[in-house]
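Heads up, the thing below is written out as structure tokens.
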Amino acid sequence: MKVGIVYNLVEHPERGLEKDILADNDVIRMAADVKSALRDRHCVFTIKIDHETLFGMSKKSFDIVFNLCEGLDGNVAGEALFAAVLETKGIPFTGGNSLTLGLCCDKSKTKDILAENDIPTPKHQVFTADDKKISLEKYLRYPLIVKPVHEDASIGISDSSVVRNRTELEHQVKFIIESYRQPALVEEFIDGRELNVSVIGNGDSAQALPVAEIDFQLSADRPKILTYEAKWAAESEESRLTPVICPARLSKALEKKVKRMALAASRITGCRDYARVDFRLLDDEPYVIDINPNPDLSRSAGLARSAGVAGFSYQQLVEYILDSAISRCHDFQVHLPPEVVFSSDRLTSTRVMPEDAEMMIGWFNDSLVSQYMAAPEEVWSEDSFLKKFFVLNQDDLDILMCDKITGEKIGWGQIYSIDTANQSAEISFLIGDHRYHGKGYGKELARIMLAVAFEKLNLNSIHARVVHENVASIKACLRAGFREVGSMLQSDISAGQKRNERILQITREEFFQAGLRPEPEGITQN
């Protein structure tokens, strides 16, 4: 199954403080962890989202997206917007839908819905930049805690967030509004134990994992809160003095109550597959202070810790979340093309896979190998390779050629511009390994590509466009059965220079009549 692990990366924070980028970019580590957990069972690759990927991807790009995207271009609604794009394109994905992600991105609206459903949550009030005067509602009592209304991951939370008088309140509200460019949420601060409960699964099969507790070992003059530094600065004193205990030491009755509330809160807000619900205790009465759809899923995060206490390995946890997403997709389909193996005297073929990225990037960035490619000056990276080969160009067929004896991958071929109406396409190929240059492998590679095109894709004609200077490829095509049918003058622009191309063609009938078909070694499907 083709699983795309999609994440976003913040180059420069659009709001808040420069240090907040630590939380935004922790997703790189999380994506690597998720990939390592799934790669044994699936064709899995990580993709950093950008505008080209966002608008160019389709249902063929992924069987399912493991959605780790937490924003787009610094937009606080970007997490929900990305999910909405996936929904519009009909691409299945893990975690919350756009409605849930949009709702839980607004802490005030989330608290309103919890209260309407009789789930206790601290009383609150929201202040915006339009409020000329900070005036508390009569029922709000100090101490209070001030937060950005649209952030998570403790962003915007410091010791100064807890305020005990009007002066401190006005200062902190002003700081949040000006620094984070969003309203400030003010709620009554519960100075009690802090718990969190991770929930996995859906519907009746949803389960609450063992309860975790933040063990506040802070000095008496500091508020018992999990600040940004405590969460993200691993070497800081704040982090050292706020360890996590799991399972939390609770009475059976309280543990049962907290878990029941966590399941109810995640269900009411529409969380799917996995979530985390945060609580504060006031005289052993739990209050929900936050709901996190798609929480941190890295190996060292709280969800994995709680799952481990429940008996899940990290791999089992990630697979469980993926399987939960798949099970709720009634029209789920696998689009991974069948494996196609054709052989010539010295070569055999295999499909390009994500793990081939490093090798092929080396070929494409080699000036000798790539000098006749469409854009030889292009510098390839893992991101650009995965985007081109596994997200954007899903109608193309990319094949690697291997030495039959050693198994070494030596070259690449692509069937592209496939026109099913006219049953035609174009091919391009190269020998990437220098050791195999000038030894006639191009002809064999081209014949294998033609066999795939005519036998697997049922095409009737194939074209190849080769720049005039690429003598080796022209000879390889002619020896593979192509005939020259014309030329395109000054068709390509490369490194600022226009180059001529020769047009070659071969039909299905010509291919078989000339006995050019390589011996099929076998065709397997998965």
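The values are calculated or read from the model by the stated rules, or taken from the named source; none is laboratory data. Every value quoted in this text rests on a predicted model; they were computed, and no experiment measured them. When we count neighbours, we look across all protein chains shown, and the Cβ atoms used for this are built from the backbone with ideal geometry, even at glycine.
Could you tell me which numbered condition Thr121 fails, if it satisfies all but one of (1) assigned to a helix (DSSP H, G or I); (2) in contact with a helix residue (DSSP H, G or I) (Cβ under 6 Å, 6 or more places away or on another chain); (3) touching a residue at least 60 places away in the same chain (Cβ under 8 Å)?
The one condition Thr121 does not meet is (1).
Does at least one position in the stretch 192-207 carry a residue that is at negative phi, free of Cβ contacts under 8 Å to residues at least 60 places away in the same chain and surrounded by 15 or more Cβ atoms within 10 Å (Cβ to Cβ)?
Taking every residue of the stretch 192-207 in turn, none turns out to be at negative phi, free of Cβ contacts under 8 Å to residues at least 60 places away in the same chain and surrounded by 15 or more Cβ atoms within 10 Å (Cβ to Cβ).
Is it true that some residue in the stretch 442-465 is assigned by TED's automatic domain parsing to the domain that holds Ser370, at pLDDT below 90 and closer than 24 Å to Ala375 by Cβ?
no
Given Phe364, Phe389, Phe342, which one is crowded, with 16+ Cβ neighbours inside 10 Å, among the aromatic types (Phe, Trp, Tyr), modelled with pLDDT under 90 and touching a helix residue (DSSP H, G or I) at 6+ places or on another chain (Cβ under 9 Å)?
Within the list Phe364, Phe389, Phe342, the selection yields Phe342.
Any residue at all in the stretch 50-69 that's outside the structural domain of Ala265 (by TED's automatic domain parsing), surrounded by fewer than 21 Cβ atoms within 10 Å (Cβ to Cβ), touching a strand residue (DSSP E or B) at 6+ places or on another chain (Cβ under 8 Å) and not in a loop (DSSP other than H, G, I, E, B)?
Scanning the stretch 50-69, I find at least one residue that is outside the structural domain of Ala265 (by TED's automatic domain parsing), surrounded by fewer than 21 Cβ atoms within 10 Å (Cβ to Cβ), touching a strand residue (DSSP E or B) at 6+ places or on another chain (Cβ under 8 Å) and not in a loop (DSSP other than H, G, I, E, B), so the answer is yes.
Just give me the residues in the stretch 61-111 being under 17 Å from Tyr7 (Cα atoms) and acidic (Asp, Glu), in sequence order.
Scanning the stretch 61-111 gives Asp63, Glu70, Asp73, Glu79, Glu87.
What's the number of the condition Val211 fails, among (1) over 30 Å from Tyr139 (Cα atoms); (2) more than 34 Å from the chain's Cα centre (by Cα); (3) hydrophobic (A, V, I, L, M, F, W, C)?
All conditions pass for Val211, except number (2).
For the list (1) over 14 Å from Ile427 (Cα atoms); (2) of a type in the set (S, T, N, Q); (3) at pLDDT 90 or above, I need the number of the one condition that Ser473 fails.
(1)
So, of the residues in the stretch 269-292 that are among the acidic types (Asp, Glu) and at pLDDT 95 or above, which turns out to be nearest to Asp112 (Cα to Cα)? Reasoning before the result, please.
Filtering the stretch 269-292 for residues among the acidic types (Asp, Glu) gives 273, 278, 283-285, 290.
Still in the running and at pLDDT 95 or above: 273, 278, 285, 290.
Values: Asp273: 23, Asp278: 16, Glu285: 19, Asp290: 12 Å.
Only one residue tops the list, namely Asp290.
Mind counting the residues in the stretch 288-314 that are within 18 Å of the chain's Cα centre (by Cα) and among the acidic types (Asp, Glu)?
Result for the stretch 288-314: 1.
Test Leu303 against the criterion of being in contact (Cβ under 8 Å) with a residue 24 or more places away in the chain, more than 23 Å from Asp26 (Cβ to Cβ) and touching a strand residue (DSSP E or B) at 6+ places or on another chain (Cβ under 6 Å), and give yes or no. Steps first, answer last, please.
Numbers: in contact (Cβ under 8 Å) with a residue 24 or more places away in the chain: yes; more than 23 Å from Asp26 (Cβ to Cβ): no; touching a strand residue (DSSP E or B) at 6+ places or on another chain (Cβ under 6 Å): yes.
Taking the combined requirement at face value, the residue does not satisfy it.
From Lys133, Lys123, which residue is farther than 18 Å from Ile289 by Cβ, assigned by TED's automatic domain parsing to the domain that holds Thr242 and more than 34 Å from the chain's Cα centre (by Cα)?
None of the others qualify; the one that does is Lys133.
So for the stretch 221-230 (the condition being outside any strand (DSSP E or B), assigned by TED's automatic domain parsing to the domain that holds Ser158, aliphatic (A, V, I, L, M) and out of contact with any helix residue (DSSP H, G or I) (no Cβ under 8 Å at 6 or more places or on another chain)), does at least one residue qualify?
Looking through the stretch 221-230, at least one residue is outside any strand (DSSP E or B), assigned by TED's automatic domain parsing to the domain that holds Ser158, aliphatic (A, V, I, L, M) and out of contact with any helix residue (DSSP H, G or I) (no Cβ under 8 Å at 6 or more places or on another chain).
For the condition farther than 14 Å from Asn294 by Cβ, at pLDDT below 90 and in contact with a Phe, Trp or Tyr (Cβ under 9 Å, 6 or more places away or on another chain), what is the one hit in Val10, Val76, Val44?
Working: Val10 fails: in contact with a Phe, Trp or Tyr (Cβ under 9 Å, 6 or more places away or on another chain); Val44 fails: at pLDDT below 90.
Testing whether each residue is farther than 14 Å from Asn294 by Cβ, at pLDDT below 90 and in contact with a Phe, Trp or Tyr (Cβ under 9 Å, 6 or more places away or on another chain) leaves just Val76.
Residues to consider are Arg260, Arg222, Arg240, Arg249; find the one that is of a type outside the set (Ser, Thr, Tyr), over 18 Å from Asn196 (Cβ atoms) and free of Cβ contacts under 8 Å to residues at least 60 places away in the same chain.
Arg240
Listed here are the residues, each with its yes/no results for (1) in contact with a helix residue (DSSP H, G or I) (Cβ under 8 Å, 6 or more places away or on another chain); (2) not in a strand (DSSP E or B); (3) not basic (Lys, Arg).
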| position | (1), (2), (3) |
| --- | --- |
| Arg435 | no, yes, no |
| Ser473 | yes, yes, yes |
| Gly486 | no, no, yes |
| Gln505 | no, no, yes |
| Glu509 | no, yes, yes |
